[in-house]
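Notes follow the structure.
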Amino acid sequence: MKAKTIPGVPKQHRGGFHDTESLKRITTDAELNFNILKQRFLNINGWREYCNDLFADFKLYNSEGNAIERIPQKGDFIRIDLIGCMASDKDSSYDWVEIINLDLNAQNYCLMECVPASKPQGNNAVINHFYHSSSTSTFIITNNMNHLKAGIYGRNEIPNLKTSFFRKIRSIIISIAGMMGFSKIEWKCLVDGWLNFEEQRLKQ
């Protein structure tokens, strides 16, 4: 199986990948429902609310390392807390990604691309993530008038070995789990939750 060619998503060159998508067919109120989907897409601090079984909790930070409650911007960071994941201490268990591309201007399309990053305003430039810095995660939502689509696309997913011994082991274990499909199961739960309009769990 090959990675899909998706406009705006980097090409797959090495390592693992996933194409995780969810569709919602709609017959009325396409614009209204897309606006709800867009709000959920941008509500990074609330992502775990849309999937109770989600393996991680997400928090939005600015480039100065401050937790924030607003729409994400290019250059912001997302702190990922892998629930129950082994760690030598709580702070070292966090993984970080930077938002390097954000397209919110189109009427029926939104894209956000993230790459592994070091902790904003941290003491060193070591990547704090289980994947290598060349890995990407691209989040896309679209309104195709008769259906809404939410997708998360992982590319070039290889373990981050440029870190401490403990985090190397952690990176390898998580990467293997990802290649076996466990991460796709979790991402599928999230995109399905974004499109679950029957359960209005969005924070207003």
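Every read-out reported here was derived from the displayed coordinates using simple, explicitly stated rules and does not represent laboratory data. Everything numeric in this text was worked out from a predicted model, so none of it was measured. Heads up, the Cβs are rebuilt from the backbone with ideal geometry, glycines too, and the neighbour counts pull from every protein chain shown.
Calculate log10 I(q)/I(0) of the range 37-79 for q = 0.14, 0.16, 0.23, 0.34 Å⁻¹, where I(q) comes from the Debye formula with a single equal point scatterer on each Cα and nothing for solvent. Debye output, listed in q order: -0.31, -0.40, -0.77, -1.22. Here's the list of lysines a cross-link from LYS162 could span, going by alpha-carbon distance under 21 Å and ignoring same-chain residues fewer than 8 apart: LYS90, LYS119.
Distance between the modelled labels on PHE197 and GLU31, one decimal in nanometres: 1.4 nm (7 Å Cα→Cβ projection). As a ratio to 2.2 N^0.38 Å, the alpha-carbon radius of gyration for the range 118-163 is 1.65.
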